[in-house]
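These notes are about the structure you will find just below.
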Amino acid sequence: MDRLNDFDPAWMDQYVMPNYGRFPLWPERGEGPYLWDTDGKKYVDFAGGVAVCPLGHAHPEVADAIAAQAHKLIHVSNWYCIKGQAQLARILVEEIVRIPGKCFFSNSGAEANEGMIKLARKYGVTKPLPDGSPRYEIITFTGSFHGRTFGAMSATAQEKIHGGFGPIVPGFVYVPFNDAAALKQAITERTVAILFEPMQGESGVNPATPDFLRTVQSLCQQHDLLMLLDEVQCGLGRTGETCGWRSIIPGDEIQPDAISWAKSIGSGYPLGSFWIKDRPLGEAHPQKLCDLLGPGTHGTTYGGSPLACAAGLATLNVILRDNLPAHSATLGRKIAGEVASWKQPLITDIRAFGMMIGFELAEAALMAKTAISTSGKIASIYVAKAMLDAGLLVVPAGPKVVRWLPPMNLTDAQAAEALAIFKTVLSDLSNLS
Ligand SMILES: Cc1ncc(COP(=O)(O)O)c(C=O)c1O
């Protein structure tokens, strides 16, 4: 038996758990926005590992940084001072958020959100109710997705994510997204934080409205609540700004208390982070918010390893050096304009924020077609599979949205290539009876 080279495709079903409804695609290598499968078929990859590859595949600067660091030092414990963490945290604070604060490094988005959830619980203990009992309720929103660990899953206001795993973590209160009146009503004396994605990703690229963002901020100030932003998918430049919420309200009007990231930060090397604002806790409390999670309160074995930080540093350096957020904003607008100009009836709405673009599908019209209704697939998955067959990878989001999550360094010519496939497949789908 040759352990490194023997392989049988049947092993995937035999030995790997069935928790994903996988597409029948075996990727072998990638370069920029392209992916090749084991049969040599080429795809334009606008799934990008679900918003994970901001520079496309195998970016030479990232690959070189990872290789060089792997030859030097892959891992040490967080008991020691890791140079790459200090460098990466400086970039996140000074060049991404541009509000004073401190960062923690995790391995994933769910873990970054767990950290913010723990921050909220700690805040509620530090600044409790008048009788000394902790405040612990965290408000989250319908359509959200915060990850698959128990806390992050419980924060996710989607029954289909909780189903079969109850009881979930208590203390989360779910409110309709962008409904300011419902949010006001949901606040109780036990509320300690409001957690949300400024730009919901998994539910189909749904942004918070500017009014809603402002309402959240003023309610947080009024009731002494933490404003926690999940920028795992929308952060770090993807939406056309270094911070997703600044694509909704530019500038410094919105001042979150904590922000989580993952996905784009490491170009696919597992890395996440959360930032906490440097601000006082109030007169009775000598500590600052960013120092609330002190020694022993939180930790990770792998998070922020020298290798992960090397990947993160190389990635953020390119994003910032090459001004990719602004490039994404311009190209995203062009792509949306081009698709809108087709007046394709199968596309009912386009929500484009840089390289995070949701195309809403005419679900009823699609499901009325015999080939689709008898396929056993929902509309978004049927369309994503048809695109895949034609050589374009897109990501279904809910039943009626397909997302484009291209690399932020996409060129006009590469975008045109994808647009051509998208247009042809949509017109083929329109012609189905
Ligand atoms: C907004 C958001 N938060 C959190 C997560 C979870 O991140 P991870 O899968 O890295 O744990 C995701 C993943 O899709 C996400 O889109």
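Protein chains only, probe 1.4 Å: how do THR330, THR300 rank by accessible area, largest first?
Putting THR330, THR300 in descending order of accessible area: THR330, THR300.
For a quick check, take a GNM of the chain with Cα springs below 10 Å and name the residue from PRO167, PRO325, PRO128 with the largest mean-square fluctuation.
In this elastic network of the chain, the residue with the biggest mean-square fluctuation among PRO167, PRO325, PRO128 is PRO167.
What do you get for Rg/Rh over the chain if you use C-alpha atoms and the Kirkwood form of Rh?
Taking Rg over the Kirkwood Rh, I get 0.97.
Local charge sum around GLU253 (other residues, Cβ-Cβ under 10 Å, Lys/Arg +1, Asp/Glu -1)? Mind showing how you got there, number by number?
Details: positive: ARG214, ARG246; negative: ASP252.
Within the 10 Å Cβ shell, the charges total +1.
Accessible area, 1.4 Å probe, largest first: how do ILE378, ILE421 sort?
ILE378, ILE421
If you count only protein heavy atoms and use a 1.4 Å probe, how large is the accessible surface of TYR302, to the nearest 10 Å²?
Here the residue's solvent-accessible area equals roughly 150 Å².
Taking just the alpha-carbon atoms of segment 73-321, what radius of gyration and Dmax come out, in angstrom?
For segment 73-321, the Cα-based Rg and Dmax read 17.1, 52 Å.
Whole angstrom only: what separates the Cα centroid of segment 202-223 from the Cα centroid of segment 315-359?
Here the two parts' Cα centres lie 22 Å apart.
Restricting to DSSP loop positions (anything but H, G, I, E, B) with no more than 16 other Cβ atoms inside 10 Å of their own Cβ, which chymotrypsin sites (Phe, Trp or Tyr not before Pro) remain in segment 1-47? All intermediate terms of the calculation are to be shown ahead of the outcome.
Numbers: sites: PHE7, TRP11, TYR15, TYR20, TYR34, TRP36, TYR43, PHE46; in loops: PHE7, TYR20, PHE46.
Sites meeting the loop and neighbour criteria: PHE7, TYR20.
Taking the chain as a Gaussian network, where each spring joins two C-alpha atoms under 10 Å apart, which residue of VAL318, VAL395, VAL62 fluctuates the most?
VAL318
Which trypsin sites (Lys or Arg not before Pro) does segment 329-378 hold that lie in a coil by DSSP with at most 12 other beta carbons within 10 Å?
Passing sites in segment 329-378 are LYS343.
With all distinct Cα pairs included, what does the Kirkwood hydrodynamic radius of segment 199-291 come out to in Å, to one decimal, could you say?
For segment 199-291, inverting the mean 1/r across all distinct Cα pairs yields 14.3 Å.
Enumerate the lysines that LYS102 could reach by cross-link, defined here as Cα to Cα under 20 Å, with residues fewer than 8 away along the same chain left out.
The reachable lysines, counting only those whose Cα sits under 20 Å from LYS102, are LYS83, LYS118, LYS122, LYS263, LYS277, LYS288.
Order PHE165, PHE23, PHE359, PHE104, most accessible first, counting only protein heavy atoms with a 1.4 angstrom probe.
Working: PHE165 115, PHE23 75, PHE359 0, PHE104 50 Å².
Order by accessible area, largest first: PHE165, PHE23, PHE104, PHE359.
Taking 0.36 nm per residue of separation and subtracting the Cα-Cα distance, what length does fully extending ARG148 through HIS71 add?
Residue separation times 0.36 nm, minus the Cα-Cα distance, leaves 24.4 nm.
Could you compute how fast segment 95-189 diffuses translationally, taking Rh as the Kirkwood radius over C-alpha pairs and applying Stokes-Einstein at 10 °C with viscosity 1.306 mPa s? Give it in µm² per second.
On the way: Rh = 14.8 Å.
For the chosen part, D equals 107 µm²/s.
The values are calculated or read from the model by the stated rules, or taken from the named source; none is laboratory data. It should be emphasised that the depicted structure is a prediction, and the values quoted were computed from it without experimental measurement. Cβ coordinates were reconstructed from backbone atoms using ideal geometry, including for glycine residues, and neighbour counts include every protein chain displayed. Heads up: the accessible areas ignore ligands, DNA and RNA and are worked out on the full protein's heavy atoms, side chains in. Shrake-Rupley method; radii C 1.70, N 1.55, O 1.52, S 1.80 Å.
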